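None of the figures in this text is laboratory data; all of them are computed from the coordinates on show. These numbers come from a predicted model, not from an experiment.
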Amino acid sequence: MASGGEFQLIFRHFDKNGDGKISPSELSDHVSLIGGKSFAKEAEMAVELLDSDGDGLLELEDLVRLMEGGGEEEKLRDLKEAFAMYDVDNCGYITPLSLKKMLQRLGESKSVAECEVMISQFDLDGDGVLSFQEFKIMMH
């Protein structure tokens, strides 16, 4: 686990322009630098989920919360928010079609059949959709 000083070093490393906040583009740039694909939309969503004061930027405390993982209650809240983003039809499940829609928003083009395969890997009860409990297991 990183110490407070290490968190500050990490934060300053991500905060390229030195304004004391991490923007989605700064977050995305760093993932790209360490070999990850550019993920501008995912970075925007991550910042939106972690942004504690609603200014669209991450402060040091937000980064610490991300890196420490927060408490169980906070993790559960974050998982519910993430689940809701994929449950675009607001039916309480992630369906192949809702997964396809969300992936399209993120710039990924998948067929419904490909989404069915993705869901089947974590569909524990075999009903063809992901419940929140299945999503929670998948995310751990």
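Here the Karplus curve 6.51 cos²θ - 1.76 cosθ + 1.60, taken at θ = phi - 60°, turns the phi angles of the range 119-132 into couplings of 5, 4, 5, 10, 7, 5, 9, x, 8, x, 9, 9, 7, 4 Hz, with x standing for Gly and Pro. Backbone phi angles across the range 80-91, fed through the Karplus curve with coefficients 6.51, -1.76 and 1.60 (θ = phi - 60°), yield HN-Hα couplings of 5, 5, 5, 4, 4, 5, 7, 8, 5, 8, 6, 9 Hz in residue order; Gly and Pro are listed as x. Scalar couplings 3J(HN,Hα) for the range 16-24, obtained by applying the Karplus form with A = 6.51, B = -1.76, C = 1.60 to θ = phi - 60°, are 4, 8, x, 8, x, 9, 9, 8, x Hz; x denotes Gly and Pro. In terms of distances greater than 21 angstrom between alpha carbons, the cross-link table entries Lys100/Lys136; Lys75/Lys101; Lys16/Lys101 yield Lys75/Lys101; Lys16/Lys101.
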